[in-house]
Ligand SMILES: [Zn+2]
Ligand SMILES: [Zn+2]
């Protein structure tokens with residue numbers, strides 16, 4: 001965790017903005033996650049982390065919005081229309097160039113790297129004269145745990161099922 005926090009601190013500092021403990025620790029939580037997290041899940045992980053940090057909802061939203069604006073994270077809508085946040089594949093000052101997978105069963109949202117050439121294929125779909133500079137792509141289905149029939153008993157997936165409800 002310590003090195004992730006240090007890495008997060010460097011990323012926040014690289015924006016030239018004020019480095020606050022909340023920004024650093026929220027980013028560190030996102031960097032350690034292997035899926036996009038709802039704010040309730042971010043809150044839970046902060047509270048269970050080594051600092052047992054409790055951030056109120058308003059502060060957390062402000063920090064998450066700042067991370068998105070700064071290009072250190074991106075958000076994607078979950079099935080319940082609540083935002084999920086991820087630090088994966090986020091490049092400062094650039095659109096997100098990857099897709100997402102949303103499990104219909106446990107509602108996890110996972111970032112996926114776009115294969116080379118995908119963006120070109122999508123550009124080929126554009127009508128004459130249209131220009132695109134970003135894409136949003138979401139595949140729906142079952143995640144590996146749910147496809148294996150263990151989605152509801154898997155502790156982590158189960159936690160997301162509960163935590164993603166606001
Ligand atoms: Zn699932
Ligand atoms: Zn993503």
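Ordering 66-78, 109-121 by mean Cβ neighbour count within 10 Å, with the highest value first, yields 66-78, 109-121. As a rough footprinting exposure proxy, the listed residues 62, 11 were ranked by other beta carbons within 10 Å of their own, and the order from fewest upward is 62, 11. Between residue 52 and residue 148, what FRET efficiency comes out of the Förster formula 1/(1 + (r/R0)^6) with R0 = 30 Å and r the beta carbon distance, rounded to 0.05? In this case the efficiency is close to 0.35. Eigenvalues of the alpha-carbon gyration tensor of the range 10-153, scaled by 5 and square-rooted, set the equivalent ellipsoid semi-axes at 28, 22, 12 angstrom, largest first. With contacts taken as Cα pairs under 8 Å at a separation of at least 6 residues, the range 2-163 carries a relative contact order of 19 percent.
As a rough footprinting exposure proxy, the listed residues 37, 64, 126 were ranked by other beta carbons within 10 Å of their own, and the order from fewest upward is 126, 64, 37.
Bear in mind that the values in this text are calculations on the coordinates, not laboratory data. Worth saying up front: this structure is predicted, and the values here are computed from it rather than measured. Positions of Cβ are backbone-derived with ideal geometry, glycine not excepted, and every protein chain shown enters the neighbour counts.
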